[in-house]
Ligand SMILES: NC(=O)c1ccc[n+]([C@@H]2O[C@H](COP(=O)([O-])OP(=O)(O)OC[C@H]3O[C@@H](n4cnc5c(N)ncnc54)[C@H](OP(=O)(O)O)[C@@H]3O)[C@@H](O)[C@H]2O)c1
């Protein structure tokens, strides 16, 4: 490719929900500046949801279209139906290499992403599911890195925080990761802080729900399953074997009878207040605080409520912030700590955007 051709980078966005829309808004706001400062023109050539997409093969979306998408979703611009097969054929036939961005919450995009990589495209994900499902899929995706493709997934853990690339830098420069201790759920962090402040468990869960921090069913957060997915991604990034099914996972509190309605679960929460207050008190009596911690080591991965000593970086965490403390051969006495907001549309989309730019930069350099 010539330098002139390299200055144009195609972007295909799968997903136009909270994060996809925020991303498209950021691209519209920033791409003029990027063209001026980096000499790169980002062309968003297609945006797809699960059933609809912008008509393929047309001219790249204008800034006005991107802004309309950002505000109103796919319905706000010209769109037509598709099936998954069509998106795949489209990616395989694109005349120019592109960055394919998975900002869906789908567990069915892995094959499409593999096809995109096989067709020569780079891939960026905020979607945890393809990376935390079976280990063979993770390995198959990563194998393309050896063929010059970028597979970037910063926003899958800690939203826009530089967690994945920090870990990759450690591993790729020959450091040995010994342990990762991490608070990876804003919702669970919020509840832990409320417990520490003396709020009964039942009120803490309801407050998290009213503040919009929980999924519609709070048990989806309390189960720790989302944390477990992130922990699997951290472990695999370190080169450790990890599978969701093998994680020693304990939810925050008792999730009650399977199949109970959300209302029934919430109505029974008071029954747990006494036991939870006793756990908080027991931790306090030995200068510890309760945190929902994912621990990743070469030997295995755990996630659950844990008492941590006051001097540990996790103890100082308040509210919804995330924190990842990496202990390695080089960072043995004092862990390397990355901390800050671990969710939210703007920071997550910015993490995805930065990955897109890194993929574009790599492509310009090497091809
Ligand atoms: N929200 C955060 O703070 C945050 C932080 C870090 C990571 N993430 C991750 O970012 C991803 C997106 O989150 P979100 O909050 O934007 O989700 P969302 O609002 O539910 O949006 C998901 C989008 O993906 C589309 N979609 C589903 N299956 C698809 C497919 N097979 N092909 C193309 N599009 C498909 C959906 O289309 P339909 O409407 O047609 O179903 C929808 O437009 C998730 O994986 C989430 O875990 C979110």
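The values are calculated or read from the model by the stated rules, or taken from the named source; none is laboratory data. Everything quoted here is computed from the prediction, not taken from an experiment. A quick note on method: Cβ atoms are made from the backbone with ideal geometry, for glycine too, and the neighbour counts reach across all protein chains shown.
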Please indicate, with yes or no, whether at least one residue in the range 208-223 is loosely packed, with under 14 Cβ neighbours inside 10 Å, modelled with pLDDT of 95 or more and not in a strand (DSSP E or B).
no
Evaluation of residue 37 against (1) over 17 Å from residue 358 (Cα atoms); (2) more than 15 Å from the ligand (Cβ to nearest atom); (3) surrounded by fewer than 14 Cβ atoms within 10 Å (Cβ to Cβ); (4) more than 25 Å from the chain's Cα centre (by Cα) (one fails), failing number
(1)
Residues in the range 311-334 that are part of a loop (DSSP other than H, G, I, E, B) and within 12 Å of the ligand (Cβ to nearest atom) total 1
Just wondering, is there one or more residues in the range 251-274 that are within 25 Å of residue 161 (Cα to Cα) and out of contact with any strand residue (DSSP E or B) (no Cβ under 6 Å at 6 or more places or on another chain)?
yes
Near pairs, Cβ below 7 angstrom, 6+ apart or cross-chain, from the range 97-110 (closer than 13 Å to residue 20 by Cβ and touching a residue at least 60 places away in the same chain (Cβ under 8 Å)) to any residue that is in a loop (DSSP other than H, G, I, E, B) and more than 6 Å from the ligand (Cβ to nearest atom):
100/121
Within the range 216-250, residues under 12 Å from residue 187 (Cβ atoms) and either out of contact with any helix residue (DSSP H, G or I) (no Cβ under 9 Å at 6 or more places or on another chain) or without any contact (Cβ under 8 Å) to a residue 24 or more places away in the chain (or both) come out as 220, 223
Mind checking which helices (runs of 4 or more DSSP H) fall wholly inside the range 68-182 and carry at least 3 residues that are away from the ligand (no atom under 12 Å from the Cβ) and under 19 Å from the mean Cα position of the chain (by Cα)?
135-143, 164-172
Can we say residue 319 is in contact with a helix residue (DSSP H, G or I) (Cβ under 6 Å, 6 or more places away or on another chain), surrounded by fewer than 21 Cβ atoms within 10 Å (Cβ to Cβ) and on the phi > 0 side of the Ramachandran plot?
yes
What about residue 123, is it in contact (Cβ under 8 Å) with a residue 24 or more places away in the chain and more than 14 Å from residue 46 (Cα to Cα)?
yes
Filter the range 335-361 for residues that are in a loop (DSSP other than H, G, I, E, B) and at pLDDT 95 or above and give the result.
335
